[in-house]
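The next block holds one structure in the form of structure tokens; read it before the comments.
The values are calculated or read from the model by the stated rules, or taken from the named source; none is laboratory data. Note that this is a predicted model, so its numbers are computed, not measured. Every residue, glycine as well, gets a Cβ built from its backbone with ideal geometry; the counts of neighbours run over all protein chains shown. Side chains are part of the model used for accessible areas, which takes the heavy atoms of the whole protein and leaves out ligands, DNA and RNA. Shrake-Rupley method; radii C 1.70, N 1.55, O 1.52, S 1.80 Å.
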Amino acid sequence: MSDILPLDVIGRRVEVNGEFATVRFCGAVPPVAGLWLGVEWDNPERGKHDGSHEGTMYFKCRHPTGGSFVRPNKVNFGVDFLTALKKRYVLEDGSDDNGKSCSLKVGSKEVQTVGFDNITKRQSQLRALQNISMWKCAVSHAGEQGRIAEACPNIRDVNLSKNLLSSWAEVILIAEQLNNLETLDLSENKLQFPSDSPTPTGTFSNLKILVLNKTGITWAEVLRCAASWPVLEELYLKSNSISISERPVNVLQKMRLLDLSSNPAIDENQLCLIAYLPRLEQLLISDIGLSSIHFPDAGIGCKTSMFPSLQYLVVNDNQISEWSFINELDKLQSLQALSCTRNPLTEGDKAEEIIIAKIGQLKTLNRCQILPEERRGAELDYRKAFGNEWKRAGGHPDPDKSRPNAEFLLAHPRYQLLCCKYGAPEDEELKTQQPFMLKNQLLTLKIKCSNQVEQEVLEKRLPDSMTIQKVKGLLSRLLKVPVSELVLSYESPKMPGREIELENDLQSLQFYSVENGDCLLVRW
């Protein structure tokens, strides 16, 4: 903390009493005397106003309570990279009367050594570092040019998440001194990225893993900077409000993993813009609000040319409620692993079994290996469950006479293949089969917050086998209310004026006779 301000104070990242903010204003705020800094807090609840005081607007905030005025001596502008590194791994020199002793800190252990031997040990300790974590160490700038390269030239992996870095230019000043840099985590640094100036050639020539979660980067900025990441293999862009606006051209061509989770502006049309990255093997798109996906170049039973190398897809915490989504995934030519938890579609008892039957090449589902006997059982059950529907649609045990209609093939694109694999279902086999219709598994329900008049009425499709406990879990995520505070009941058009409590968390919607068109009432 100091009264001396950096020259480029506007836009600087700062820390005040453990809270992070960005400086938006520097100057006088009459009638109070003295110099003030106007800051926009990362946490808008920490602020008091929108950047105005007594009718005068000094700076603008994205949130009406996101701003505050603070004195410069209350603000931490951070330290240079090397100072933070020494503080994290090595204590500052502490001399005795003869100037011979100082202390060395390795992890949490302090060691006292004497004389010039100690200096050598301290220097060699820094030079030996390859993997460093400086999470939340208030790093704000590179420091004196060349000092990092001189002190610790062997660093390969750097975690600089949640620091006070303000710009990509400052990141470059650090990185260009780390010739062996392979992994860099810059998460939760609110960075300003260049609008046109390219990164110096060779700065990130060895970089393979880059983490930019919660940095505020846009897709255009990603592509602009990506030319300087020639061998990048993994890119993490979680929680950046990203919208994919254009195809990567001559960049990111070696990328194997891309994490776009928690970017709700991304939709299935935007995903098509990254569908031809030649080496992309893992795509993480959880929590983006995705409900559908379509590969228009591939018909029923065909493979798509899109995402040619994709082996692992993560779509957890989305709004997937139609089996057509799973049908489309069977068109991916290289898909072997899928994680699809916490979606309306996957809440049913037989959901995983059906997914296995619908995606023929899948080897892992929700991080669990699919054993051969498990696949066989799932496919046989699926074949049996929809046998009667297949026959009504024109299916026949004789392959030459079997002509199921287009509607059935669209809903069950692998069914004919399963009949070839295991034989068509026998009439006797189908007689004992209880009716089981996928389309009847999902209930379309209205969700009304009884004690929150301003809350709009929602509409969701939920499996009738979904337990009240899981319904509460879904609503907790949607409404940002703790599960323990939620109380559920429902109304039915068939019983006007009557409200039925859903009091047993272990019972299903079906147990309480909840039907299509009913309204769930939520209170807290």
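Could you bin all the Cα-Cα distances of segment 1-49 into 5 Å bins starting at 0 and give me the percent of pairs in each, rounded to whole numbers?
5, 19, 29, 26, 17, 4
Given an 8 Å cut-off on Cα distances and at least 6 residues of separation, report the relative contact order of the chain as a percent.
Result for the chain is 6 percent.
Name the residue farthest towards the positive end of the dipole of segment 420-513 from the options Asn504, Leu430, Tyr490, assuming +1 on Cβ of Lys and Arg, -1 on Cβ of Asp and Glu, about the Cα centre.
Selected residue: Tyr490.
Mind checking which aspartates and glutamates have their Cα closer than 20 Å to the Cα of Lys448? Skip sequence neighbours fewer than 8 apart in that chain.
Counting by Cα, and skipping residues close in sequence, Lys448 has these aspartates and glutamates nearby: Glu456, Glu459, Asp464, Glu485, Glu491, Glu499, Glu501, Glu503, Asp505, Glu515, Asp518.
Quick one: how many Å² of Cys420 are accessible to a 1.4 Å probe, rounded to 10?
Looks like 120 Å² after rounding.
When the C-alpha atoms of segment 255-354 are aligned to their principal axes, what extent does each axis show, in angstrom, from largest down?
Cα extents, longest axis first: 36, 31, 21 Å.
Can you give the % of DSSP beta bridges in segment 445-524 that are antiparallel, to the nearest 5?
Working: 12 of 16 bridges.
Around 75 percent antiparallel, to the nearest 5.
Given charges of +1 on the Cβ of Lys and Arg and -1 on the Cβ of Asp and Glu, with all other atoms neutral, how large is the dipole of segment 205-323 about its Cα centre, in debye to the nearest 20?
Taking the Cα centre of segment 205-323 as origin, the dipole is about 420 debye.
Using a simple charge model, +1 on the beta-carbon of Lys and Arg, -1 on the beta-carbon of Asp and Glu, nothing else, what dipole does the chain show about its Cα centre, in debye to the nearest 20?
540
So how far, in whole Å, is the C-alpha centre of segment 438-475 from the one of segment 161-239?
Segment 438-475 and segment 161-239 have Cα centres separated by 42 Å.
Quick one: Cα convex hull volume of the chain, Å³ per residue?
In the chain, the Cα hull volume divided by residue count equals 210 Å³.
How large is the accessible surface of Arg127 in square angstrom, using a 1.4 angstrom probe and rounding to the nearest 10?
110
Of His396, Gln130, Leu273, which is farthest on the positive side of the dipole of the chain, counting Cα position, with +1 on Lys and Arg Cβ, -1 on Asp and Glu Cβ, and the Cα centre as origin?
Projecting each Cα onto the dipole axis, the largest value belongs to Gln130.
Note down the accessible area of Lys254, probe 1.4 Å, to the nearest 10 Å².
Rounded to the nearest 10, the figure is 90 Å².
Would you please state which residues of segment 59-84 a label at Asn17 would reach in this model, taking the label point 7 Å out along Cα→Cβ and a backbone N cut-off of under 12 Å?
In segment 59-84, the label zone of Asn17 (backbone N under 12 Å from the point 7 Å along Cα→Cβ) covers 69-71, 74-75.
For Arg403 paired with Gln369, estimate the spin-label separation in nm (one decimal), with each label point 7 Å from Cα along the Cα-to-Cβ line.
Reported label-point gap for Arg403 and Gln369 is 4.6 nm.
For Met306, Met57, write out the residues from largest to smallest accessible area, computed with a 1.4 angstrom probe and no ligands counted.
From most accessible down to least: Met57, Met306.
Too long at a 21 Å Cα-Cα cut-off: which of Lys214/Lys470; Lys460/Lys480; Lys190/Lys238; Lys363/Lys391?
Flagged as over cut-off: Lys214/Lys470; Lys363/Lys391.
For every other residue with a beta carbon closer than 11 angstrom to the beta carbon of Ser195, add +1 if it is Lys or Arg and -1 if Asp or Glu, then tell me the sum.
-1
For Ile266, what charge total do you get from the other residues with a beta carbon under 15 Å from its beta carbon, if Lys and Arg give +1 and Asp and Glu give -1?
Within the 15 Å Cβ shell, the charges total -4.
Just check segment 376-524 against the gyration tensor rule for me: Cα atoms, a ≥ b ≥ c as the square roots of the eigenvalues, rounded for a/c under 1.5, and otherwise prolate or oblate depending on whether a/b exceeds b/c.
Details: a/c = 2.86, a/b = 2.77, b/c = 1.03.
Cα axes put segment 376-524 in the prolate bin.
Could you sort Arg88, Arg403, Arg383 by accessible area so the largest value comes first, with the probe set to 1.4 Å? The partial results should precede the final answer.
Numbers: Arg88 90, Arg403 165, Arg383 15 Å².
Correct descending sequence by accessible area is Arg403, Arg88, Arg383.
For segment 269-311, max minus min Cα coordinate along each principal axis, in Å, sorted largest first?
29, 24, 17
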